[in-house]
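What follows draws every value from the coordinates through simple rules; no lab data is involved. Owing to the predicted nature of the structure, the values given are computational and were not obtained by experimental measurement. As a convention, Cβ positions derive from the backbone with ideal geometry for all residues, glycine included, and neighbour counts pool all protein chains shown.
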Amino acid sequence: MGARSLLPAFAKEVQSLIDAGLQAAHKSEVPRQYLGGSRLGHPCARALQYEYLNYPKDEGRGFTGQTLRIFAIGHALEDLAASWLRSAGFELLTRQSNDPEAPQLGFSVAGERIQGHVDGIVISAPSGLLVACPALWECKTMNAQSWRRCVKEGVARAKPIYAAQIAIYQAYMAPHVPGLIQNPALFTAINKDTGELYHEAVSFDAGLAQQISDRGVQILRATDAGEWLPRLARSADFYECRLCPWAKRCWSAPS
């Protein structure tokens, strides 16, 4: 009885220490000074301005220990997925060299103010599998509901922000990897709840890539001019706004 009653308090104490360590490490990181290519498909351009400028988040809206743990689990699962593909016969590059500590493959454009790091480049695929190479590889982890929707509808419809990321990464990596945009990207989604995998070949969408590239330039130009781009919605009650870490700051400021 005593041991059972002590367990929740003990577990909570250990978790608090872990979360405090994660949050301290996160706060010590140097804030990035660029727009992340993976974020350019976010529906709200003004939120991306706040993000680019490293504006403080609303009180209580910073990354919790749990959020940081979720991020870390996602990264670990992506590394696992890469190892699974390699064991299946894919030749997959994820870093600039064979050194496991080497930087990720990536790109830098607009005077280094737009950058991105790709999950990998498929150099070759198992014989008999219809995967043209080289191909961009993008991996995401999802809960069961999001994963099932992705399987049913495809990434472009179910997760437009991921489709935008794939298109812009294909476009910006093309000068470094000849032939990349001629071949569909390989998109991998991991169901975090069940361990199920979904793979999809995503053809290069030139129109979407141009749209997202133009959006990045628009955000940089507006920010340089001290202008705030329009809010995503007309009301702070809009669900995207309720989730935004800069909601109070945004809706208390002039339009």
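Descriptive notes on the structure:
- Principal axis box of the range 73-132, alpha-carbon based, largest edge first, Å: 42, 28, 21
- For ASP224 and GLN33, the difference between the fully extended length at 0.36 nm per residue and the C-alpha to C-alpha distance is 67.4 nm.
- Among the GluC sites (Glu not before Pro) found in the range 116-211, those both in a DSSP coil and sparsely packed, with 14 or fewer other Cβ atoms within 10 Å of their Cβ, are GLU196.
- With 5 Å bins from 0: P(r) over the range 34-84, alpha-carbon pairs, percent: 4, 16, 15, 19, 25, 12, 6, 2, 0
- Kirkwood Rh, Cα atoms: Rg over Rh of the chain: 1.00
- Each of PRO103, SER83, ILE114 was placed along the dipole of the range 77-136 (beta-carbon charges, centred on the mean Cα), and the one lying farthest toward the positive end is ILE114.
- Gyration tensor over the Cα atoms of the range 180-255: the corresponding equivalent ellipsoid has semi-axes (square roots of 5 times the eigenvalues, largest first) of 33, 22, 9 Å.
- Gain on full stretching of the segment that runs from GLU112 to ASP237 - 0.36 nm per residue minus C-alpha separation: 41.5 nm
- Cα convex hull of the range 9-120, projected area averaged across orientations, nm²: 10.0 nm²
- Applying a DSSP loop filter and a limit of 14 other Cβ atoms within 10 Å to the GluC sites (Glu not before Pro) in the range 84-137 leaves GLU101, GLU112.
- Computed over all pairs of different Cα atoms, the Kirkwood value for the hydrodynamic radius of the range 211-255 is 11.7 Å.
- Counted without the sites themselves, the longest stretch of the chain free of trypsin sites (Lys or Arg not before Pro) in a DSSP loop having at most 12 other beta carbon atoms within 10 Å is 33-233.
- The local environment of GLN104, defined by Cβ-Cβ distances under 14 Å, has a net charge of -4 under the rule Lys, Arg +1 and Asp, Glu -1.
- Extension gain, ALA24-TRP84: 0.36 nm per intervening residue step, less the Cα-Cα distance, totals 18.3 nm.
- Evaluating kT/(6 pi eta Rh) at 25 °C and 0.890 mPa s, with the Kirkwood radius of the range 98-250 over Cα pairs in the Stokes-Einstein relation, gives 140 µm² s⁻¹.
- Two-site label geometry, ALA102 and ALA11: point separation in nm, points 7 Å out along Cα→Cβ: 4.3 nm
- Treating r as the C-beta distance of ILE70 and SER127 and R0 as 30 Å, the FRET efficiency rounds to 0.20.
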